[in-house]
Amino acid sequence: MTLTLIVLLVLALYVFQLFLQETSGSRMNVGTIVGTRDEPLKLSVVASRLDRAKNNMLEALPLFLGISMLVFAKGGDMSLATNAALGFLIARVLYIPAYVSGLPWLRSLIWVAGMGCMFLMALTVI
């Protein structure tokens with residue numbers, strides 16, 4: 001798997017999280033999904049957690065993309081950067097169910113693993 005493909009998969013994961021958050025918040029009500037959304041939705045516990053998980057991805061995404069661009073531009077150790085990026089992707093995939101399930105320690109450990117993977121990516125260009 002290439003770093004380019006992993007970056008695209010991370011972006012696809014973010015789009016998937018947007019979809020999960022929107023559909024869970026509207027309880028799959030098509031009228032609500034396509035409506036004007038003038039009134040804020042009352043979110044269930046799961047929808048609130050999906051929203052927070054999506055917001056967390058939104059915070060991590062610029063860092064991941066910035067480090068990825070540096071690796072591409074500077075030509076760091078592509079093998080290590082690719083493996084670290086794959087680790088980040090896996091951590092972010094696992095983060096969603098860990099957050100939704102309400103397991104705070106597991107969720108936090110997965111978050112730390114993802115951040116560690118980004119740190120390893122950054123080390124390849126230093």
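What the table shows:
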{"item": "With Cα atoms, 0 to 90° folded angle of helix 3-25 axis to the chain main axis", "result": "10"}
{"item": "222 nm mean residue ellipticity, helices alone, for the chain (DSSP H n ≥ 4; -39,500 (n - 2.57); rounded to 500)", "result": "-28000 deg cm²/dmol"}
{"item": "Efficiency of FRET from Cβ geometry, D77 and V46, R₀ 35 Å, rounded to 0.05", "result": "0.30"}
{"item": "Average Cα contact separation per residue, the stretch 49-126, under 8 Å, 6 or more apart, as relative contact order %", "result": "45"}
{"item": "Hydrodynamic radius (Kirkwood) for the stretch 3-123, which is based on Cα pairs only, to one decimal in Å", "result": "15.3"}
{"item": "Extreme residue, positive dipole direction of the chain, given options M78, S101, V112 (C-beta unit charges)", "result": "S101"}
{"item": "Nitroxide proxy distance, nm - points 7 Å out along Cα→Cβ at L9 and L123", "result": "2.2"}
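Just so you know, all these numbers are worked out from the coordinates, no wet-lab data involved. Predicted, not measured: the structure shown is a model, and the values here were computed from it. With ideal geometry, Cβ positions are generated from the backbone for all residues, glycine too; neighbour counts draw on all protein chains shown.
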